[in-house]
1. Which of the helices (runs of 4 or more DSSP H) found entirely inside chain A contain at least 1 residues meeting this: surrounded by 15 or more Cβ atoms within 10 Å (Cβ to Cβ) and within 7 Å of chain B (Cβ to nearest Cβ)?
2. Among the residues of segment B:105-113, are any away from every other protein chain (no Cβ under 14 Å) and in contact with a strand residue (DSSP E or B) (Cβ under 6 Å, 6 or more places away or on another chain)?
3. Take the residues in segment A:16-62 that are out of contact with any helix residue (DSSP H, G or I) (no Cβ under 9 Å at 6 or more places or on another chain) and touching a residue at least 40 places away in the same chain (Cβ under 8 Å), then tell me which one is nearest to B:H192 (Cα to Cα).
4. Among the candidates B:Q46, B:Q25, which residue alone is within 14 Å of chain A (Cβ to nearest Cβ), within 22 Å of B:G172 (Cα to Cα), surrounded by fewer than 18 Cβ atoms within 10 Å (Cβ to Cβ) and of a type in the set (S, T, N, Q)?
5. From the list A:K43, A:K62, pick out the single residue that is closer than 16 Å to B:I105 by Cα and among the charged types (D, E, K, R).
6. Keeping to segment B:219-277, report how many residues are without any contact (Cβ under 8 Å) to a residue 60 or more places away in the chain, closer than 17 Å to B:L86 by Cβ and hydroxyl-bearing (S, T, Y).
7. Looking at segment B:172-215 only, could you name the residues that are of a type in the set (V, I, T), more than 15 Å from B:M4 (Cα to Cα) and in contact (Cβ under 8 Å) with a residue 40 or more places away in the chain?
8. Go through (1) in contact with a Phe, Trp or Tyr (Cβ under 8 Å, 6 or more places away or on another chain); (2) surrounded by fewer than 23 Cβ atoms within 10 Å (Cβ to Cβ); (3) assigned to a loop (DSSP other than H, G, I, E, B) for B:G205 and report which single condition fails.
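The values are calculated or read from the model by the stated rules, or taken from the named source; none is laboratory data. Keep in mind the model is a prediction, meaning the values are calculated, not measured. Using ideal geometry, Cβ is built from the backbone for each residue, glycine included, and neighbour counts are taken over all protein chains shown.
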Amino acid sequence: MRRYPKIEIDHSKCTTPFDCKKCLRACPQACFEVHPVKVEKFKETDKKEPGAYRIEAFYLDKCTVCNDCVNVCPVNAITITV
Amino acid sequence: MCWMCEAYGEEGGRWYHNPKNFARQLYKVKRPGQKASGYGTDPETQAGLIMRQLVAMKWEDPENFPAKLKEFEELPKEGGCQVLPLKEAERVAELAYPITSMMCICRKTLRADEETNEHEYTCTGLGVGMFKWERWPERYRGGVNFMSIEEAKEWLRKMDKLGFVHMIMTFGGSYVGGICNCDYPDCQPIRHRLDYGLDSGLIKGHHIAKVDYDLCNGCGICVQRCQFGAIKFEVTLEKTNIDAMRCFGCGLCETACPRQAISLVERQSIPGLREVW
């Protein structure tokens, strides 16, 4: 039976995903989503502030484990296990 | 008749032709008692997390997946999205005031797109909420570009040319809040319907694309325009084949056809499609 891969992101390494966005742009299956952690009234969340945005893998059923995101990550924050 | 027209149309007309649905009194910024702070509290993240639950269930608990899907089907019914061909979108531009271009939240979420000015904006905001949005950068980028009716029509034509599907959306209930310009996989409603069967999140349009086989020369230009996988190049006939069951009626194929071989026909005029939404 096919099992979904487990995509883990080390948030202590990946701190400014919306600014970096390499994996978000590289994923052929568009598995990731980036969302704000810090929501302040009348202020756009600063993309350069560490920890203000967080990336997570959402569409696990689409992941083919091609590892493009792992290879493109500049801080080695992504690990995929099958 | 689609469920939005049944609920919000007037005298059998389409809901987005009904001026009542553009009334500023319907605009509600927030639900009382709800405040976003921290991860997972803003509406976009909430929707994402709900979908992630559904995605996980497909694998972990396939037996109960259909029941869960049905439960989620009810959620988007608080506000509908419907595919809109260009001509209908232009008509909506005449009904709504004000009209703006603004950044797309789906594209920001999925591809970290940063649309910083009117040359990059891909979403259309409608109605009184835009006066607030102009200085409302929370989650979204603040700032909108106000447009005249003619500018808005030109803008919609530009989006159509780029290959975006127009989609009319509401902010809860029937209040018309925008015309999204969408593609797969960036657009959440399109993706959730095509990939996970969340049909109520995006209603098909009131039209269907039909090919005139006498005019079609099989050039294939329309094939690449379809975001819904409804168009194939049929090698046997050397013509375009449009599956009417898969067609959402966005009309992107119609506007691209160099020989005017594709026309949009009313869904209601085809008996087998009347209840296919």
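1. Answer list for chain A: A:17-20, A:22-26.
2. No - not one qualifying residue is present in segment B:105-113.
3. A:C20
4. Result of the check over B:Q46, B:Q25: B:Q46.
5. A:K43
6. Qualifying residue count for the region: 1.
7. B:I179, B:I208, B:V211
8. So the condition that B:G205 fails would be (2).
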